[in-house]
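Here the structure comes first, spelled out in structure tokens, and everything after it is commentary.
The values are calculated or read from the model by the stated rules, or taken from the named source; none is laboratory data. Just so we're clear, the structure is a prediction, and the values are computed from it rather than from any experiment. Neighbour counts are summed over all protein chains in view; Cβ atoms, including those assigned to glycine, are modelled from backbone coordinates with ideal geometry. Just the protein is used for accessible areas: all its heavy atoms, side chains included, with ligands, DNA and RNA removed. Shrake-Rupley method; radii C 1.70, N 1.55, O 1.52, S 1.80 Å.
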Amino acid sequence: MDDEEKLVNPKKTIEILQKYDFRFAKKFGQNFLIDPHVLEKIIRCADVTKEDCVLEIGPGIGTMTQFLAEAAREVVAVEIDSKLIPILEDTLSAYENVTVLNEDIMKVDMEEIVNDHNGGRPIKVVANLPYYITTPIIMGLLEKHVPVESITVMVQREVALRMQAEPGTKDYGALSLAVQYYCEPYLAANVPQNCFMPRPNVDSAVIHLKRFEKPPVQVEDEHLLFRLIRASFAQRRKTLVNAIANSPELSFTKEQVLAALAEQSFKPDLRGETLGLAEFAVLSDALGKIGRTEKSPDTQAD
Ligand code: SAM
């Protein structure tokens, strides 16, 4: 299908929207792409080839799906809005390698999709994400250890900046650390509001997250590391000691945190925003050791 015939041509998008009398649902974050250059850039950045199985989250009326279907071996597209399903049947009728699932991405079994459509081998995720659930979608993919090779997604620019932020910068936070524990982020493009229909109120960006085979730091307890990170940024203005000691998710005393910091020769008045992933990892192991030592009499009594 040439680009004139595709939905990326705004005339085609309007034609389809009118044919089905489709009304955009704000609650589903529906902003459809209408710029062929942006689409080509996303496909190139995702490095989609005829070997690949791609998971698309939120195909909308199928604008990006048409491009993905031509570039990939197979596409699985998960769309929550049932009103879009008959439209997708129409706009994707020329492609035999696309499966559309009318499901909520937060509830669907992604592991099963990977097993059924790619024999359990890692897939590529490509999407223009609904902005109201960007972070839970990305963290869900990473934390549940879904076999994923890379994630190339359009997100709010502000979120893209947070994902690739370095310690000590204003955008740095729990999301930066969580993403950088699993992936190498690369901001591939800034996308202005006029590339969408309807126009969103925020600027967007395409971010490519290449999953590491092994995290760049090793810790004894991944859950403790992430609870520590969340606690440190939940109360950004507090020192690390107070943020950790006051966290409802953790049960370390101020003295224990001070002891762990001293063990690593960290200053007692540190703030979380200055620590990198490697420092959080050593702190996590030091606190884990203190926790285990102090709990051991109970454990032995059991
Ligand atoms: N991919 C299309 C494009 O680029 O033009 C549409 C992108 S639009 C920003 C987001 C899409 O995600 C919409 O089609 C919306 O209905 C869908 N969506 C929203 N929440 C979803 C969820 N929980 N699960 C699956 N799809 C969802």
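Would you calculate a helix-derived [θ] at 222 nm for the chain, using -39,500 (n - 2.57) for each DSSP H run of n ≥ 4 and dividing by the full residue count, to the nearest 500?
So the calculated ellipticity at 222 nm is -12500 deg cm²/dmol.
Which percent of the accessible heavy-atom area of the range 222-295 goes to carbon and sulfur, probe 1.4 angstrom?
Answer for the range 222-295 is 53 percent, counting heavy atoms of protein chains only.
Hey, which of these cross-link pairs are over 26 Å Cα-Cα: LYS210/LYS267; LYS238/LYS289; LYS170/LYS210; LYS238/LYS267?
Too far apart for the 26 Å limit: LYS210/LYS267.
Out of the total accessible area of the range 10-211 (probe 1.4 Å, heavy atoms of protein only), what percent is carbon and sulfur?
49 percent
Exceeding 20 Å between C-alpha atoms, which entries from my cross-link table qualify? They are LYS41/LYS83; LYS107/LYS144; LYS12/LYS83.
In this structure, LYS41/LYS83 exceed 20 Å between Cα atoms.
Suppose all protein chains stay in the model; what accessible area per residue would a 1.4 Å probe give for the range 222-295, in Å²?
52 Å²
State in Å² the accessible area per residue of the range 38-107; use a 1.4 Å probe, count heavy atoms of protein chains only, and round to the nearest integer.
Ligands and nucleic acids excluded, the figure is 40 Å² per residue.
Which value, in debye to the nearest 20, gives the size of the charge dipole of the range 73-230 about its Cα centre, when Lys and Arg are +1 and Asp and Glu are -1 at the Cβ?
Taking the Cα centre of the range 73-230 as origin, the dipole is about 560 debye.
Determine, for each peptide in 40-49, 2-11, 157-166, the mean count of other beta carbons within 10 angstrom over its residues, then list the peptides with the highest first.
Ranking the peptides 40-49, 2-11, 157-166 by packing returns 157-166, 40-49, 2-11.
Cβ under 15 Å from ILE16's Cβ, ILE16 left aside: what net charge do those residues give with Lys, Arg +1 and Asp, Glu -1?
Local charge sum for ILE16: -2.
At a Förster radius of 51 Å, what calculated FRET efficiency corresponds to the Cβ-Cβ distance of LEU101 and LYS170, to the nearest 0.05?
0.85
Using 0.36 nm per residue, how much length does the chain from LYS289 to LYS214 gain when fully extended, once their Cα-Cα distance is taken away?
Residue separation times 0.36 nm, minus the Cα-Cα distance, leaves 24.7 nm.
If you restrict to DSSP beta bridges whose two residues both lie in the range 10-211, what percentage is antiparallel, to the nearest 5?
50 percent
Could you give the size of the charge dipole of the chain about its Cα centre, using +1 on the Cβ of each K and R and -1 on the Cβ of each D and E, expressed in debye and rounded to the nearest 20?
Result for the chain is approximately 1160 debye, rounded to the nearest 20.
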